[in-house]
Amino acid sequence: MNAEEDRHLTNRGLLSVTGVVESVTGVLLLAIPAIMVQLLLGDASLNPGGVVACRIAGAALVALGIACWRGEAGGARGADRGLVGAILFYNIAVICVLIAGWIASGIAGIGFWPVILTHAVLGSWCLVALVRPVPGVT
């Protein structure tokens, strides 16, 4: 095995483990933010805004995990698609978390709807990029 192959295997292992660790942490932050904050910081007193912020952080970690998994599995094309897929997940998750916080607690500042719109546009762009045929690839 040459040095390039050895580095590739090392990177695949790193990306696989990072993908699992960050995804699990992200899912836990999405599902049980107060418990995760209690475990990490020793204080679980989260107001509704804190819960939303934790869940957005959780979505970002899941997106990082997706990018790692796709990056280790598919070469340059897989990495590109993995990154776009991860960004798509993140955009959808941010919209869902913010809307859920608004419905449950009525939290919404002046930037609420512009952020929703921005993530909807970015998410739509990601979706188009993922489903659009790539020239020269069948």
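I'd like to know if segment 113-122 contains one or more residues that are closer than 27 Å to ARG12 by Cβ and open to solvent by less than 70 Å² (accessible area, probe 1.4 Å).
Pass one, segment 113-122, residues closer than 27 Å to ARG12 by Cβ: none.
No, segment 113-122 has no match at all.
Can you find even one residue in segment 20-36 that is buried (at least 19 other Cβ atoms within 10 Å of the Cβ) and either modelled with pLDDT under 90 or in contact with a His (Cβ under 7 Å, 6 or more places away or on another chain) (or both)?
No: segment 20-36 contains no residue that is buried (at least 19 other Cβ atoms within 10 Å of the Cβ) and either modelled with pLDDT under 90 or in contact with a His (Cβ under 7 Å, 6 or more places away or on another chain) (or both).
Here are the criteria: (1) loosely packed, with under 14 Cβ neighbours inside 10 Å; (2) free of Cβ contacts under 8 Å to residues at least 40 places away in the same chain. Tell me which single one LEU61 does not satisfy.
(1)
Select from segment 38-58 the residues that are open to solvent by less than 50 Å² (accessible area, probe 1.4 Å) and modelled with pLDDT of 90 or more and list them in ascending order.
GLY49, GLY50, VAL51, VAL52, CYS54, ILE56, ALA57, GLY58
The values are calculated or read from the model by the stated rules, or taken from the named source; none is laboratory data. Here the structure is a predicted model, which is why all the values come from computation and not from measurement. So basically every Cβ, Gly included, is an ideal-geometry build from the backbone, and we count neighbours across all protein chains shown. Just the protein is used for accessible areas: all its heavy atoms, side chains included, with ligands, DNA and RNA removed. Shrake-Rupley method; radii C 1.70, N 1.55, O 1.52, S 1.80 Å.
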